[in-house]
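Colleague: Mind having a look at this structure? Questions to follow.
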Amino acid sequence: MRAAANGAVDVPNVYGTTMVEGRAGLIMDRVDGPDLIALMGRRPWSVPRVARIVGRAQARMHDVVAPDDLPGLRELVRAKIDAAAELPAELAAFALEKLDALPDGDRLCHGDFHPGNVLLGRNGPAVIDWTDATRGDPAADLARTRLLLRQGAVPEHMPALIRGLHAFGRGAFFRLYLRAYARERPIDDELVDRWVIVRVADRVMEGIDAEQPVLLDQLERFANESA
């Protein structure tokens, strides 16, 4: 988060670490405000603005050279594919073969970047939930966000209005987000497409029931097209 802040990414200020009842925690500024998914649910007209915020924030993030001590993105993806119990062995092998041909990279990658992980507080937007941050190829992080925006399951606890708007507006939001990102830094579409294959495979490990059939069908289709 400090590396992100030094690179002009909007994040809460971090002051250190602490232990509370045996659990490690971060001491940081409190951000009072909705996440951007909730904001779009309450104010559908804000969709273009939110897409611009999300695209610009991720582009700035990918301009940042990540700290050397962050985990490598490729290693994290490999570990998730290896641990995906529901991933058939032949599809796991296919995804790992594709992963071996992809670049490492040295940029700051969030790992779970979507509008729900951006809060809008009194001082503007703040990117949160950096648990999966890694050092890697920005195209891999873009591929992960593409997967979340285009087909990620919306939690059942979200209001029906938000779930409906999310399903209806996925395509439009994604196009606006990509346009905002591309204004800040170039996108290698072919490389993102290659990363999507392995990001679909590593998503299987997360065990989201509503997504599993679609993810496995996608991966099988990728494998058949590559044969």
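The values are calculated or read from the model by the stated rules, or taken from the named source; none is laboratory data. In this text, all values refer to a predicted model and were calculated from it rather than measured experimentally. Cβ atoms come from the backbone with ideal geometry, glycine included; neighbour counts cover every protein chain shown. Accessible surface areas use protein heavy atoms only, side chains included; no ligands, DNA or RNA. Shrake-Rupley method; radii C 1.70, N 1.55, O 1.52, S 1.80 Å.
Colleague: When you go through (1) buried (at least 18 other Cβ atoms within 10 Å of the Cβ); (2) touching a helix residue (DSSP H, G or I) at 6+ places or on another chain (Cβ under 8 Å); (3) part of a loop (DSSP other than H, G, I, E, B); (4) on the phi < 0 side of the Ramachandran plot one by one for Pro67, which number turns out not to apply?
Modeller: That leaves (1) as the condition not met.
Colleague: For segment 197-221, name all the residues that are surrounded by fewer than 21 Cβ atoms within 10 Å (Cβ to Cβ) and either among the basic types (Lys, Arg) or outside any loop (DSSP other than H, G, I, E, B) (or both).
Modeller: Result: Gln212, Pro213, Val214, Leu216, Asp217, Gln218, Glu220, Arg221.
Colleague: For Arg122, are the conditions met, namely being crowded, with 18+ Cβ neighbours inside 10 Å and either in contact with a His (Cβ under 7 Å, 6 or more places away or on another chain) or not hydrophobic (A, V, I, L, M, F, W, C) (or both)?
Modeller: Working: crowded, with 18+ Cβ neighbours inside 10 Å: no; either in contact with a His (Cβ under 7 Å, 6 or more places away or on another chain) or not hydrophobic (A, V, I, L, M, F, W, C) (or both): yes.
Taking the combined requirement at face value, the residue does not satisfy it.
Colleague: Which residue pairs have Cβ atoms closer than 8 Å, lie 6 or more positions apart in sequence or on different chains, and pair a first residue in segment 73-99 that is under 20 Å from Asp112 (Cβ atoms) with a second residue that is surrounded by 13 or more Cβ atoms within 10 Å (Cβ to Cβ) and basic (Lys, Arg)?
Modeller: Leu73/Arg135; Val77/Arg199; Leu99/Arg74; Leu99/Arg78
Colleague: Mind counting the residues in segment 70-118 that are under 16 Å from Ala223 (Cα atoms) and either of a type outside the set (Lys, Arg) or outside any helix (DSSP H, G or I) (or both)?
Modeller: 15
Yes/no per residue for (1) aromatic (Phe, Trp, Tyr); (2) under 23 Å from Asp193 (Cα atoms); (3) under 19 Å from the mean Cα position of the chain (by Cα):
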{"site": "Met19", "(1), (2), (3)": "no, no, no"}
{"site": "Gly22", "(1), (2), (3)": "no, no, no"}
{"site": "Pro34", "(1), (2), (3)": "no, no, yes"}
{"site": "Arg43", "(1), (2), (3)": "no, no, no"}
{"site": "Arg56", "(1), (2), (3)": "no, yes, yes"}
{"site": "Ala59", "(1), (2), (3)": "no, yes, yes"}
{"site": "Asp63", "(1), (2), (3)": "no, yes, yes"}
{"site": "Arg78", "(1), (2), (3)": "no, yes, yes"}
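Colleague: Checking Arg135 against (1) within 30 Å of Pro34 (Cβ to Cβ); (2) part of a strand (DSSP E or B), only one condition comes out false. Which one?
Modeller: Exception for Arg135: condition (1).
Colleague: Take the residues in segment 3-22 that are of a type outside the set (Val, Ile, Thr) and part of a loop (DSSP other than H, G, I, E, B), then tell me which one is least open to solvent (accessible area, probe 1.4 Å).
Modeller: Within segment 3-22, the match that is least open to solvent (accessible area, probe 1.4 Å) is Pro12.
Colleague: Something else about it: Just for segment 54-64: of the residues that are open to solvent by 30 Å² or more (accessible area, probe 1.4 Å) and assigned to a helix (DSSP H, G or I), which one is farthest from Arg175 (Cα to Cα)?
Modeller: Arg60
Colleague: Listed residues Asp106, Asp141; which is in contact with a Cys (Cβ under 6 Å, 6 or more places away or on another chain) and at pLDDT 95 or above?
Modeller: On the way: Asp106 fails: in contact with a Cys (Cβ under 6 Å, 6 or more places away or on another chain).
Testing whether each residue is in contact with a Cys (Cβ under 6 Å, 6 or more places away or on another chain) and at pLDDT 95 or above leaves just Asp141.
Colleague: Within segment 85-100, does at least one residue satisfy the condition of being open to solvent by 20 Å² or more (accessible area, probe 1.4 Å), at pLDDT 95 or above, on the phi > 0 side of the Ramachandran plot and more than 16 Å from the chain's Cα centre (by Cα)?
Modeller: Looking for residues that are open to solvent by 20 Å² or more (accessible area, probe 1.4 Å), at pLDDT 95 or above, on the phi > 0 side of the Ramachandran plot and more than 16 Å from the chain's Cα centre (by Cα), one finds none in segment 85-100, hence no.
Colleague: Does segment 39-46 contain any residue that is buried (at least 16 other Cβ atoms within 10 Å of the Cβ), closer than 29 Å to Asn13 by Cβ and among the charged types (D, E, K, R)? Before the answer, list the steps.
Modeller: Keep residues of segment 39-46 that are buried (at least 16 other Cβ atoms within 10 Å of the Cβ), which gives 39-41.
Now restrict to residues that are closer than 29 Å to Asn13 by Cβ: 39-41.
Then drop every residue that is not among the charged types (D, E, K, R), which leaves none.
No, the conditions are met nowhere in segment 39-46.
Colleague: Also, quick follow-up: Which of the residues spanning segment 23-38 are open to solvent by less than 60 Å² (accessible area, probe 1.4 Å) and outside any strand (DSSP E or B)?
Modeller: Asp29, Val31, Gly33, Pro34, Leu36, Ile37, Ala38
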